[in-house]
Amino acid sequence: MTLERTFSIIKPDATRRNLTGKINAKFEDAGLRIVAQKRILMTKAQAGEFYGVHKDRPFYDELCEFMSSGPVVVQVLEGENAIAKNREVMGATNPADAAAGTVRADFAESVGENSVHGSDAPETAAVEIAYFFAGTELVG
Ligand code: RTP
Ligand code: MG
């Protein structure tokens with residue numbers, strides 16, 4: 001079995017509604033282990049850098065405002081096929097399209113305020129983990 005790690009964010013709409021535990025339970029029930037986790041407040045500049053890949057999209061400014069509007073929980077999830085598994089548990093970006101039982105189907109408020117972020121590939125997972133965590137903070 002090869003363990004993979006992915007980077008996850010519980011977004012401000014979810015921390016505001018005190019949903020961290022319920023979301024973490026979905027990750028753990030799917031076999032993902034939370035190997036690092038911290039609650040932080042991102043600056044708008046940090047959110048902008050993190051989501052830099054979307055800088056030319058029409059929703060970029062709104063996204064950066066939202067991601068810095070309240071606390072987020074940044075975390076590293078570990079498991080077999082963790083990247084794909086996490087995105088399965090998250091559900092589609094737009095909660096209207098998300099499968100029943102997924103985080104976004106159950107909790108997301110809109111396509112923008114959609115409760116969670118998850119890395120989409122091994123390369124982005126590695127960059128995103130290193131952006132928020134030191135190697136010594138990851139305990140598998
Ligand atoms: P994420 O990166 O947050 O895990 O989400 P994702 O892969 O499912 O979606 P992505 O296309 O990467 O979009 C990043 C985030 O931008 C916001 N968004 N708003 N208003 C809109 O049409 C719109 N589209 C995307 C969402 O917060 C989305 O998760
Ligand atoms: Mg994405």
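The values are calculated or read from the model by the stated rules, or taken from the named source; none is laboratory data. Predicted model only: the values in this text are computed from it and were never measured. Glycine also receives a Cβ, built like all others from the backbone with ideal geometry; neighbour counts cover every protein chain displayed. Note: accessible area is taken over every heavy atom of the protein model, side chains too, but ligands, DNA and RNA are not part of it. Shrake-Rupley method; radii C 1.70, N 1.55, O 1.52, S 1.80 Å.
Against the definition (open to solvent by 20 Å² or more (accessible area, probe 1.4 Å), modelled with pLDDT of 95 or more and either under 18 Å from LEU19 (Cβ atoms) or among the charged types (D, E, K, R) (or both)), how does SER110 come out, yes or no? Even if it seems obvious, please write down each step before you answer.
On the way: open to solvent by 20 Å² or more (accessible area, probe 1.4 Å): yes; modelled with pLDDT of 95 or more: yes; either under 18 Å from LEU19 (Cβ atoms) or among the charged types (D, E, K, R) (or both): yes.
Criteria met by SER110.
When each of GLU88, GLU65, GLU80 is tested for being more than 13 Å from ligand 1 (Cβ to nearest atom) and of a type in the set (Asp, Glu), the lone residue that passes is GLU80. At least 2 residues being open to solvent by 10 Å² or more (accessible area, probe 1.4 Å), within 27 Å of VAL139 (Cβ to Cβ) and in contact with a strand residue (DSSP E or B) (Cβ under 7 Å, 6 or more places away or on another chain) is the threshold, and among the helices (runs of 4 or more DSSP H) wholly inside segment 1-89 those reaching it are 20-29.
Which ones in segment 47-56 are within 11 Å of ligand 2 (Cβ to nearest atom) and closer than 16 Å to GLU113 by Cβ? Please lay out each step first, then the result.
First pass over segment 47-56, keeping only residues within 11 Å of ligand 2 (Cβ to nearest atom): 50-51, 53-54.
If the condition is that a residue be within 11 Å of ligand 2 (Cβ to nearest atom) and closer than 16 Å to GLU113 by Cβ, then TYR51, HIS54 are the ones that fit.
Restricted to segment 90-104, and to residues there that are assigned to a helix (DSSP H, G or I) and either at pLDDT below 95 or open to solvent by less than 40 Å² (accessible area, probe 1.4 Å) (or both), the residue that is nearest to ARG5 (Cα to Cα) is MET90.
Can GLY70 be described as farther than 22 Å from ASN18 by Cα and in contact with a Lys or Arg (Cβ under 8 Å, 6 or more places away or on another chain)? So GLY70 fails the test. Of the residues THR43, THR136, the single one that is at pLDDT below 95 and more than 11 Å from ligand 1 (Cβ to nearest atom) is THR136. When segment 113-140 is filtered for residues that are open to solvent by 20 Å² or more (accessible area, probe 1.4 Å), hydroxyl-bearing (Ser, Thr, Tyr) and either out of contact with any helix residue (DSSP H, G or I) (no Cβ under 9 Å at 6 or more places or on another chain) or in a loop (DSSP other than H, G, I, E, B) (or both), only THR136 remains.
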